[in-house]
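Structure, as structure tokens:
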Amino acid sequence: MFGRKRKEITSTLSIKELEVTVTRKAVKNINIRVNRSTGAIRVSCPHQVRDRDLQKFLEQKLLWIRKHQSAKEIRQQAKREFTFVEGEEHLFKGELFRLRFVENVNANFIEFEDGELRVGSVLKGNTVRLKKLIEDFHRGYLKQQIPALIDKWEPIMGVQVTEFGVKKMKTRWGTCNIRAHRIWLSLELAKKSPELLEYVVVHEMVHLHERLHNARFKAFMTQYLPHWPELDKQLNGKMC
């Protein structure tokens with residue numbers, strides 16, 4: 001006779017001020033999931049795992065857990081309308097920076113350092129100028145980074161990009177003009193991590209091999225960036 005299957009048992013566990021929902025069931029390993037929308041932490045583990053052992057395991061995974069929870073905060077922040085008040089958080093290279101106004105600097109001063117976005121105090125209340133200043137900074141950053149990425153990937157992929165540009169895009173991260181060998185990248189990519197910026201550049205360059213998002217295209221992506229599906233999830237698609 002076969003033994004009776006044990007019922008799933010759900011409980012909660014507190015780890016460094018984080019509440020974790022734990023489900024003990026018929027599995028072989030400990031699995032952690034962080035909800036991409038809510039940041040809720042759920043764990044499934046074998047029935048025989050003791051709380052103290054599970055707590056020790058989760059403490060070792062705290063950095064990973066908090067990284068995935070902060071991704072939720074970043075996604076929410078990306079959709080905000082900015083008022084440019086002191087302490088407001090702004091994204092750059094996938095990290096959050098708090099706005100701080102600095103005295104005795106010119107109106108064009110802007111700096112992302114040590115978790116702060118620093119701009120001249122003379123711009124307080126001038127939301128139009130502040131928005132343009134930050135956008136110009138983002139554009140300059142991308143125009144500095146993209147050529148190096150193209151130079152890196154051209155010999156690897158055996159393609160050539162004749163021209164690139166940066167512009168505002170509402171529904172896409174990038175586009176590729178196959179005939180002209182020209183790629184365009186979204187200004188919003190300055191807010192994403194360097195890894196995601198590189199992914200979009202590679203994605204658009206792969207279109208020089210294959211126009212469609214078909215199996216051949218995906219095979220090229222896997223050849224060049226094996227973990228590209230996870231990067232695509234972080235960007236939530238939107239590419240052509």
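The values are calculated or read from the model by the stated rules, or taken from the named source; none is laboratory data. All values reported here derive from a predicted model rather than from experimental measurement. For neighbour counting, all protein chains shown are included, and Cβ atoms are generated from backbone atoms with ideal geometry for every residue, glycine included. We work out accessible area using only protein heavy atoms, side chains counted, and drop any ligands, DNA or RNA first. Shrake-Rupley method; radii C 1.70, N 1.55, O 1.52, S 1.80 Å.
Numbers for the structure displayed
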read-out	value
Listed peptides 175-188, 104-117 by packing density, highest first (mean Cβ within 10 Å)	175-188, 104-117
The range 150-203 and the range 74-144: distance between their alpha carbon centers, rounded to Å	24 Å
Segment GLU135-ARG211, extension gain: residue separation times 0.36 nm, minus the distance between their alpha carbons	24.3 nm
Cα-based shape type of the range 79-140, given that a ≥ b ≥ c are square roots of the gyration tensor eigenvalues and the cut on a/c is 1.5	rounded
Choice from GLN48, GLN160, GLN223 with maximal GNM fluctuation in the chain (Cα, 10 Å cutoff)	GLN48
Amide H contacts of PHE109 (H built 1.01 Å from N, under 5 Å, at least 5 apart or other chain)	GLY120
Global form of the chain, assessed from the alpha-carbon gyration tensor, a/c cut-off 1.5	oblate
Low-density loop cleavage sites - chymotrypsin sites (Phe, Trp or Tyr not before Pro) in the range 201-235, where at most 14 other Cβ are within 10 Å (DSSP)	none
Using θ = phi - 60° and Karplus 6.51 cos²θ - 1.76 cosθ + 1.60, couplings along the range 49-56 (whole Hz; Gly, Pro as x)	6, 7, 4, 5, 6, 5, 4, 4
GNM top mover of VAL201, VAL159, VAL49 - the chain, alpha-carbon springs below 10 Å	VAL49
Per residue accessible area of the range 85-240, 1.4 Å probe, in Å²	53 Å²
Length released on extending from GLN160 to ALA148, taking residue separation times 0.36 nm less the Cα-Cα span	3.0 nm
Of all DSSP beta bridges in the range 108-221, antiparallel share, percent nearest 5	60 percent
Cβ-derived FRET efficiency at R0 41 Å, SER193 paired with VAL128, nearest 0.05	0.90
Residue of HIS47, HIS203, HIS138 that the Gaussian network model of the chain assigns the largest fluctuation, springs spanning Cα pairs under 10 Å	HIS47
In nm, spacing of pseudo-spin labels at ASN29 and ASN104 (7 Å Cα→C-beta vector)	5.7 nm
Förster radius 45 Å - calculated FRET efficiency between ARG182 and THR12 (Cβ-Cβ, nearest 0.05)	0.25
Straight-distance crosslink candidates among aspartates and glutamates, where the alpha carbon sits under 15 Å from LYS192 and sequence neighbours closer than 8 are dropped	GLU73, GLU89, GLU95, GLU135, GLU230, ASP232
q = 0.15, 0.22, 0.24 Å⁻¹: log10 I(q)/I(0) that the Debye formula gives for the range 133-240, counting C-alpha atoms only	-0.57, -1.30, -1.56
